[in-house]
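Asker: Input: one structure, supplied below.
The values are calculated or read from the model by the stated rules, or taken from the named source; none is laboratory data. The model shown is predicted, which means the values in this text are computed figures rather than measured ones. No Cβ is skipped: glycine too gets one built from the backbone with ideal geometry, and neighbour counts run over all protein chains shown.
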Amino acid sequence: MIDLRSDTVTCPTDGMWDAMYKAPVGDDVFGEDPGLNALEKKVSGMFGMENGVFVPSGTMGNQIGLKVHTQPADEVIIDENAHIYHSEGAAGSLISGIQLRPLPGNRGVVNCDIVRPAIRTRNDWDPHTRVVALENTSNKGGGTCYPLEVMKELFLLTREHGLALHMDGARIWNAAVATGTDLREYGALCDTISVCFSKGLGAPAGSMLLGNEDVIKKARRFRKILGGGMRQAGMLAAAASYAVDHHFDKLEEDHKKAKKLAEAVAESPCFDIDPDHVETNIVLFRVIRGSEEQALAWFDSKGVAMIPFGDETIRATFHFQVSDRDLDTALDAVKTYTGEEKSHP
Ligand SMILES: Cc1ncc(COP(=O)(O)O)c(C=O)c1O
């Protein structure tokens with residue numbers, strides 16, 4: 001099966017297994033895992049940030065990111081399509097006692113015009129706004145990248161109001177490649193960034209929260225409290241490090257393949273998509289002939305798995321384990337879909 005359901009479905013390559021097998025390990029809760037220490041130094045350096053803490057998942061990275069900036073009864077401004085809002089089980093209310101303030105952005109991107117009016121005054125009865133949380137790229141937005149100018153304006157707005165800026169950078173690697181942005185430019189504009197090694201980079205697990213020394217000191221404590229202290233996690237650090245070194249550059253290929261699929265989808269009378277909206281490795285398109293269910297079943301019968309994304313929308317996501325041949329198969333599946341019930345399974 002050609003698996004376009006997500007970029008989280010990749011399996012370690014031989015080179016990655018080898019790196020994991022040979023990884024030196026130690027007890028990371030004591031700060032003694034050499035591979036993890038090196039990874040935290042390497043990745044925080046890539047973003048020009050002071051330090052980082054390795055966590056098991058992007059969800060934990062985001063939630064600790066919110067925890068370090070907030071007190072219970074604070075509010076976090078966020079786009080209404082954000083992963084933190086939709087797909088982290090309302091963890092912010094459970095872990096940090098905070099409220100999220102979802103705002104309608106453009107394909108997952110909010111700007112100052114949208115955020116400014118949502119920043120509250122400090123009356124006793126107001127929730128206190130503490131954080132603006134951005135997602136780059138935006139998953140539900142269709143892999144959209146934050147324009148750096150928009151980020152800069154939002155950064156200045158947060159400074160003006162004494163707010164923290166957290167970025168869910170699960171796919172920041174894709175954004176950097178697609179826009180030609182140096183990772184340090186993102187680092188300079190954020191108080192915390194959560195980056196994932198297990199999306200397009202292809203590591204089996206692991207994320208990292210980046211920030212200044214104070215924030216990361218606090219974050220290490222919350223990681224332990226949440227059960228994210230993993231002891232000899234050096235083999236995961238080795239996979240993540242290998243992924244950064246060997247797979248970061250491959251993301252451009254994923255973006256090209258996504259664009260090709262988007263163009264084929266655009267040519268079909270059965271689907272609706274603006275291929276210009278496909279900036280990275282995620283392709284969202286609506287089914288306008290037949291149904292989402294029917295189209296997914298058709299793709300499935302051709303050996304291509306995609307996922308339903310609500311409102312007759314389908315998501316296809318590219319990763320380095322989708323070959324050129326796989327892409328051709330997916331293109332063929334798109335081109336041969338007719339939307340007529342009887343010709344489809
Ligand atoms: C944008 C975004 N942020 C965070 C996450 C959470 O990552 P994890 O599944 O590692 O918790 C995901 C997962 O797909 C995501 O797409």
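Asker: Scan the range 16-52 residue by residue and report those that are within 26 Å of the chain's Cα centre (by Cα) and aromatic (Phe, Trp, Tyr).
Answerer: Across the range 16-52, the qualifying residues are TRP17, PHE47.
Asker: Output the residues belonging to the range 9-30 that are outside any helix (DSSP H, G or I), over 30 Å from LYS217 (Cβ atoms) and not hydrophobic (A, V, I, L, M, F, W, C).
Answerer: Within the range 9-30, THR10, PRO12, THR13, LYS22 qualify.
Asker: Also, quick follow-up: Under 6 Å between Cβ atoms, at least 6 apart or on separate chains: pull out the pairs that start in the range 192-206 with a residue that is closer than 24 Å to ALA164 by Cβ and assigned to a loop (DSSP other than H, G, I, E, B) and end on any residue that is among the aliphatic types (A, V, I, L, M) and more than 10 Å from the ligand (Cβ to nearest atom).
Answerer: Close Cβ pairs satisfying both conditions: PHE197/ALA203; PHE197/ALA240; PHE197/ALA243; GLY206/LEU236; GLY206/ALA240.
Asker: Then there's this: If you check LEU183 against the conditions, is it more than 16 Å from the ligand (Cβ to nearest atom), touching a residue at least 12 places away in the same chain (Cβ under 8 Å) and over 13 Å from the mean Cα position of the chain (by Cα)?
Answerer: yes
Asker: Restricting to the range 40-68, give me the number of residues that are buried (at least 19 other Cβ atoms within 10 Å of the Cβ) and within 16 Å of the ligand (Cβ to nearest atom).
Answerer: Counting residues in the range 40-68 that are buried (at least 19 other Cβ atoms within 10 Å of the Cβ) and within 16 Å of the ligand (Cβ to nearest atom) gives 16.
Asker: Can you tell me how many residues within the range 196-208 are closer than 11 Å to TRP173 by Cβ and near the ligand (Cβ under 10 Å from one of its atoms)?
Answerer: 3
Asker: Shifting gears a bit: Which condition number in (1) within 16 Å of the ligand (Cβ to nearest atom); (2) in a loop (DSSP other than H, G, I, E, B) is the one that PRO269 fails?
Answerer: Tallying (1) within 16 Å of the ligand (Cβ to nearest atom); (2) in a loop (DSSP other than H, G, I, E, B), PRO269 fails exactly one: (1).
Asker: Oh, and also: Only one of GLU149, GLU80 is more than 19 Å from SER194 (Cα to Cα), outside the structural domain of ALA262 (by TED's automatic domain parsing), within 21 Å of the chain's Cα centre (by Cα) and of a type outside the set (A, V, I, L, M, F, W, C). Can you tell me which?
Answerer: Sole residue among the options that is more than 19 Å from SER194 (Cα to Cα), outside the structural domain of ALA262 (by TED's automatic domain parsing), within 21 Å of the chain's Cα centre (by Cα) and of a type outside the set (A, V, I, L, M, F, W, C): GLU149.
Asker: Right, another one. Residues to consider are ARG116, ARG101, ARG120, ARG107; find the one that is in the same structural domain as VAL150 (by TED's automatic domain parsing), charged (D, E, K, R), surrounded by fewer than 21 Cβ atoms within 10 Å (Cβ to Cβ) and on the phi > 0 side of the Ramachandran plot.
Answerer: ARG107
Asker: Pairs needed: first member in the range 49-66, not assigned by TED's automatic domain parsing to the domain that holds LEU226; second member anywhere, more than 9 Å from the ligand (Cβ to nearest atom); C-beta distance under 6 Å; at least 6 residues apart or different chains.
Answerer: none
Asker: Let me ask another. ILE95 is checked against (1) within 20 Å of the chain's Cα centre (by Cα); (2) buried (at least 16 other Cβ atoms within 10 Å of the Cβ) and fails just one. What number does that condition carry?
Answerer: Failing condition for ILE95: (1).
Asker: Of all residues in the range 315-339, count the ones that are farther than 21 Å from GLY290 by Cα and assigned to a strand (DSSP E or B).
Answerer: Within the range 315-339, residues that are farther than 21 Å from GLY290 by Cα and assigned to a strand (DSSP E or B) number 1.
Asker: Scanning the range 69-108 for residues that are under 27 Å from ASP124 (Cβ atoms) and charged (D, E, K, R), which turns out nearest to the ligand (Cβ to nearest atom)?
Answerer: My answer is ARG101.
Asker: Can you tell me how many residues in the range 71-118 are aliphatic (A, V, I, L, M) and in contact (Cβ under 8 Å) with a residue 40 or more places away in the chain?
Answerer: Of the residues in the range 71-118, 11 are aliphatic (A, V, I, L, M) and in contact (Cβ under 8 Å) with a residue 40 or more places away in the chain.
Each row is one residue, and each column tells you yes or no for (1) under 21 Å from the mean Cα position of the chain (by Cα); (2) buried (at least 19 other Cβ atoms within 10 Å of the Cβ).
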position	(1), (2)
LEU251	yes, yes
LYS256	yes, no
VAL265	no, yes
VAL278	yes, yes
ASN281	yes, yes
LEU284	yes, yes
GLY290	no, yes
PHE299	no, yes
GLY303	no, no
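Asker: Out of everything in the range 125-162 that is free of Cβ contacts under 8 Å to residues at least 24 places away in the same chain and in a helix (DSSP H, G or I), what residue ends up being farthest from the ligand (Cβ to nearest atom)?
Answerer: Among those residues, the one meeting the criterion is GLU160.
Asker: Looking at ASP168, ASP191, can you tell me which residue is surrounded by 15 or more Cβ atoms within 10 Å (Cβ to Cβ) and within 11 Å of the ligand (Cβ to nearest atom)?
Answerer: ASP168
Asker: Right, next: Can you find, within the range 272-301, the residue that is nearest to ASP7 (Cα to Cα) among those that are assigned to a loop (DSSP other than H, G, I, E, B) and of a type in the set (Gly, Ala, Ser)?
Answerer: Looking at residues that are assigned to a loop (DSSP other than H, G, I, E, B) and of a type in the set (Gly, Ala, Ser), I get SER291.
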